[in-house]
1. Filter region 15-46 for residues that are surrounded by fewer than 16 Cβ atoms within 10 Å (Cβ to Cβ) and either without any contact (Cβ under 8 Å) to a residue 12 or more places away in the chain or basic (Lys, Arg) (or both) and give the result.
2. Filter region 50-88 for residues that are of a type in the set (D, E, K, R) and away from ligand 2 (no atom under 16 Å from the Cβ) and give the result.
3. Can you pull out every residue in region 15-24 that is modelled with pLDDT of 95 or more and within 14 Å of Arg293 (Cβ to Cβ)?
4. If you check Leu7 against the conditions, is it within 16 Å of ligand 2 (Cβ to nearest atom) and part of a strand (DSSP E or B)?
5. Hey, which of the strands (runs of 3 or more DSSP E) in region 172-225, taking only ones fully inside, have at least 2 residues that are farther than 25 Å from Thr25 by Cα?
6. If Asn216 passes every condition in (1) surrounded by 15 or more Cβ atoms within 10 Å (Cβ to Cβ); (2) not assigned by TED's automatic domain parsing to the domain that holds Glu255 but one, which one does it miss?
7. Against the condition touching a Lys or Arg at 6+ places or on another chain (Cβ under 7 Å), in the same structural domain as Thr210 (by TED's automatic domain parsing) and over 30 Å from Phe223 (Cβ atoms), how does Arg82 come out, does it pass?
Amino acid sequence: MLDVCLLGSGGMMPLPYRWLTALMTRYNGSSLLIDCGEGTQIAIKEKGWSFKPIDVICFTHFHGDHISGLPGLLLTMGNAERTEPLTLIGPRGLERVVNALRVIAPELPFPIEFRELTKPQEEISINGYRIRAFRVNHNVTCYGYSIEIDRAGKFQLDRALELNIPKQFWNRLQKGETVEDGDTVYTPDLVMGAPRKGIKVVYCTDTRPTPSIVENAKGADLFICEGMYGEKDKQAKAVEHKHMTFYEAARLAKEAEVGELWLTHYSPSLTRPEEFMDEVRRIFPRAKAGKDRKSAELNFEDDEK
Ligand SMILES: [Zn+2]
Ligand SMILES: [Zn+2]
């Protein structure tokens, strides 16, 4: 099961009842965060989730509303006596930006591992998360993220019996290990069926619509996308500032055939996103206005095959 929480839904600045947009996920005891603007710590506290198991933080880009909360979060994680390494993923320049912010958080009891993105698309696997970063189109280098939990095929008991594979090796084969027994080598593909559908969440903010978004969001169970403006007359503004309207986000969701769309990164001037949702749902019926702490538990679908 993948637990997902949209910690905040605001863009540019935090408001009294709307924290800056950030996504947190929990899977198998390991938490992942995408973006960390001012106030993200409070949003995590409000949700009631813990700071200590955050093993990965992905940054979309280096605008303040997406990273200025990092030094405080690092200090809190340090105070929680974390000693395991923390992986930070983000555009080129990540280490320089983070080290500049760390002038006010110089001593931490855990090491930081930097993964700077240089290619249009990159994949990194950590703690069962398959993270794919893909470049989008903002006024600085910006990436969207696809977070996938893969699911292996089913163990084929009849095959294991047919091939006379000793029972003591079954468990290891099921975990994807190759087992050597004297001169005989057993590989997982001998007894495992085809991989089954996993879980996929895609998060992207601060961009114009791009083909890379459609491609990477394809078939996602949940697509969380920026919608800076709901008002139709703000289309030109969206183009100028390299953001999106609700309707553009809905068209991406439709094209990518996602399960559900949550909008986020609202302009501070947009106080009632719900007002525009009927119109948005005419384009993509499974669209929801994201709001702070909107959460979902995503499970593997039951598979009888
Ligand atoms: Zn932003
Ligand atoms: Zn930005």
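The values are calculated or read from the model by the stated rules, or taken from the named source; none is laboratory data. Model, not experiment: these values are computed from the prediction. Counting neighbours? That spans all protein chains shown, and the Cβs are built from the backbone with ideal geometry, glycine included.
1. Those that are surrounded by fewer than 16 Cβ atoms within 10 Å (Cβ to Cβ) and either without any contact (Cβ under 8 Å) to a residue 12 or more places away in the chain or basic (Lys, Arg) (or both): Pro16, Lys45.
2. We begin by selecting, within region 50-88, every residue of a type in the set (D, E, K, R); these are 52, 55, 65, 81-82, 84.
Residues satisfying the conditions are Lys52, Asp55, Glu81, Arg82, Glu84.
3. Within region 15-24, Arg18, Trp19, Leu20, Thr21, Ala22, Leu23, Met24 meet the criteria.
4. Numbers: within 16 Å of ligand 2 (Cβ to nearest atom): no; part of a strand (DSSP E or B): yes.
Spelling it out, it is not the case that Leu7 is within 16 Å of ligand 2 (Cβ to nearest atom) and part of a strand (DSSP E or B).
5. Filter on region 172-225 gives 179-181, 184-186.
6. With respect to (1) surrounded by 15 or more Cβ atoms within 10 Å (Cβ to Cβ); (2) not assigned by TED's automatic domain parsing to the domain that holds Glu255, Asn216 is out only on (2).
7. Details: touching a Lys or Arg at 6+ places or on another chain (Cβ under 7 Å): yes; in the same structural domain as Thr210 (by TED's automatic domain parsing): yes; over 30 Å from Phe223 (Cβ atoms): yes.
For Arg82, the condition - touching a Lys or Arg at 6+ places or on another chain (Cβ under 7 Å), in the same structural domain as Thr210 (by TED's automatic domain parsing) and over 30 Å from Phe223 (Cβ atoms) - is met.
Residues are listed down the side, and each one gets a yes or a no for (1) touching a residue at least 12 places away in the same chain (Cβ under 8 Å); (2) assigned by TED's automatic domain parsing to the domain that holds Asn216; (3) in a helix (DSSP H, G or I); (4) in contact with a helix residue (DSSP H, G or I) (Cβ under 6 Å, 6 or more places away or on another chain):
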residue: Val239; (1), (2), (3), (4): yes, yes, yes, no
residue: Lys242; (1), (2), (3), (4): yes, yes, no, no
residue: Ala250; (1), (2), (3), (4): yes, yes, yes, yes
residue: Ser269; (1), (2), (3), (4): no, yes, no, no
residue: Glu279; (1), (2), (3), (4): yes, yes, yes, no
residue: Arg282; (1), (2), (3), (4): no, yes, yes, no
